[in-house]
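The values are calculated or read from the model by the stated rules, or taken from the named source; none is laboratory data. Because the structure is predicted, anything quoted here is derived from the model rather than measured. Note that each Cβ is placed from the backbone with ideal geometry, even for glycine, and that neighbours are counted across all protein chains shown. Surface areas here come from the heavy atoms of the whole protein model, side chains and all, with no ligands, DNA or RNA. Shrake-Rupley method; radii C 1.70, N 1.55, O 1.52, S 1.80 Å.
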Amino acid sequence: MRPIVLAASASLLVLAAACGANGETGAQTSPAAPGAPVETRPANNPDQKPAFEGQTRAPGVQTAGTLRNETIASGLLHPWGLALLPDGQWLVTEKPGRMRVVSAQGQVGAPIAGLPAVSARGQGGLLDVIISPAFAQDRMVYWSYAEPREGGNATSVARGRLSDDLTKIENVQVIFRALPVYDGDKHFGSSLAFAPDGKLFITLGERSDKPMRPQAQDLGSHMGKTIRINADGSVPADNPFVGQAGAKPEIWSLGHRNMQGVAVQPGTGAVWTVEHGTRGGDEINLDQAGKNYGWPGVAYGVEYNGQAIPEAVTAREGTEQPVYYWDPVIAPGGMTFYSGPMFPGWNGNLLVTGLGGKHLARLVLENNRVVGEERLLTGLNERIRDVAVAADGSVWVITDEEDGKLVRLAAAQ
């Protein structure tokens, strides 16, 4: 696919080969023993105590060997979602409303035609993108976006067929529209993941503003929920609230703040989500059917103004504890489970991007608990938005910047 030429006011999309764009980190000859936590800053709410050992500030670990990161492409405008195509190319969304194909060598295609309009303000715009589990046969692409609607906007999910020449999306269908509509610009979520049975999981924010927060607990609202639907948008008959009076049947779980990452665990099929806290209280959750994850009445951290979260506690009967939380926050974006040949010691680890933290967190899991944490790509000094793993086991991320980058992390040769 030919590269595009942008107007002079925009960044040039380039294959970055300058030495300053790349780097090596983590020189080790053997695995490091678990050590002191990687987080050294004081907690925003030091009076709060974890519900169990290791729920926060897990021991630091370090990858054996030398890691090399290379900037493959740059000039992307606030890229948000990243999905691997079977031929090794990448689908990348840009928040203003564009989707592009980027080759593994860094060639960036023109915007793909056929996408619906987005509400690109604040945290809204074109968000996540994934491909159908049967993409080789159906070429279906799914994406989430802030959709402009009468009276405001809300998160929607659409799907369509990617043309054989990769230039357009055909036969677009909107398969899910979150309700209610709200005239705001924050906490749209949203991340997408297919389960092994073909069900589609969608994460949604509660729209942030204090009048909207209680909707995270309202089964008559999609806000602050994890959603589970069939690939065509219909509702699975075994969803936990199907048939319950007043409940939206698409809801899988409730009580979330702003989830921008979801991943299905290989081997178990378990659904994991990550969500933004306020000042303190970013959460990793094992996201189970019908469970309540507490927001806004159960949370770690404090308000942005430094005051206590009104009427909130860190634990309450009938709500679930996060598997892990960060205080101070890393402002998590996307997440994925690592599975690949390049870093066999990482298999089963959870990779979580840090926007505010400007790093990629590698979390070592044992029995659904975090037992080790490593911070990678700290030298980029950029907001890391999404993460995916290529067929060779290399890890790819995008950075949410005016000059956003596609970066490959690999073992040094």
Could you tell me which GluC sites (Glu not before Pro) in the range 225-331 are loop residues by DSSP with no more than 13 other beta carbons within 10 angstrom of their beta carbon? Glu311, Glu317
Using DSSP loop states and a limit of at most 14 other Cβ atoms within 10 Å to flag chymotrypsin sites (Phe, Trp or Tyr not before Pro), what is the longest stretch of the chain containing no flagged site? 53-303
For the chain, the percent of accessible surface on carbon and sulfur atoms (probe 1.4 angstrom, ligands and nucleic acids excluded) is 51 percent
Can you give the Rg/Rh ratio of the range 79-177, where Rg is from the C-alpha atoms and Rh is the Kirkwood radius? 0.96
With springs connecting C-alpha atoms under 10 Å apart, model the chain as a Gaussian network and identify which of Leu360, Leu162, Leu76 has the largest mean-square fluctuation. Leu162
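Please compute one quarter of the surface area of the Cα convex hull for the chain and express it in square nanometres. Present the calculation step by step, with values, prior to reporting the outcome.
Numbers: hull surface 79.6 nm².
Mean projected area for the chain: 19.9 nm², to one decimal.
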Shape call, the range 162-258: gyration tensor on alpha carbons, a/c limit 1.5: oblate
With x for Gly and Pro, the residue-by-residue ³J(HN,Hα) of the range 123-131, computed from phi through the Karplus equation 6.51 cos²θ - 1.76 cosθ + 1.60 at θ = phi - 60° and given in whole Hz, is 8, x, x, 7, 10, 7, 9, 9, 10
Within straight-line cross-link reach of Lys199, aspartates and glutamates at Cα separation under 19 Å, skipping those fewer than 8 residues along the same chain: Asp128, Asp138, Asp232, Asp238, Glu250, Asp287
If you average the sequence gap of Cα pairs under 8 Å that are 6 or more apart and divide by the length of the chain, what percent do you get for the contact order? 15 percent
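Hey, which of these cross-link pairs are over 18 Å Cα-Cα: Lys358/Lys405; Lys186/Lys291; Lys225/Lys291; Lys225/Lys248?
Cα-Cα > 18 Å for Lys186/Lys291; rest within.
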For the range 273-413: rounded, prolate or oblate by the Cα gyration tensor [a/c cutoff 1.5]: oblate
Work out how much length Ala64 to Glu303 would gain on full extension: take 0.36 nm times their residue separation and subtract the Cα-Cα distance, in nm to one decimal. 82.2 nm
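Given a 1.4 Å probe, how much area per residue of the chain is accessible, in Å²? Write down the numbers at each step before the final one.
On the way: 16060 Å² over 413 residues.
Averaged over the residues of the chain, the accessible area is 39 Å².
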Mind checking which lysines have their Cα closer than 22 Å to the Cα of Lys168? Skip sequence neighbours fewer than 8 apart in that chain. Lys95
Which of Glu53, Glu382, Glu374 fluctuates most in a GNM of the chain (C-alpha springs under 10 Å)? That residue is Glu53
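If a/c stays under 1.5 just call it rounded; otherwise compare a/b with b/c (prolate if a/b is bigger, oblate if not). Do that for the range 109-229, with a ≥ b ≥ c from the square roots of the Cα gyration tensor eigenvalues. Walk me through the numbers before you get to the answer.
Values: a/c = 2.66, a/b = 1.56, b/c = 1.70.
Because a/c hits 1.5 or more and a/b fails to exceed b/c, the range 109-229 counts as oblate.
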Go through the range 315-329 residue by residue and turn each phi into a ³J(HN,Hα) via Karplus (6.51, -1.76, 1.60, θ = phi - 60°); whole Hz please, and just put x for glycine and proline. 8, 7, 4, x, 10, 9, 7, x, 4, 7, 9, 10, 9, x, 7
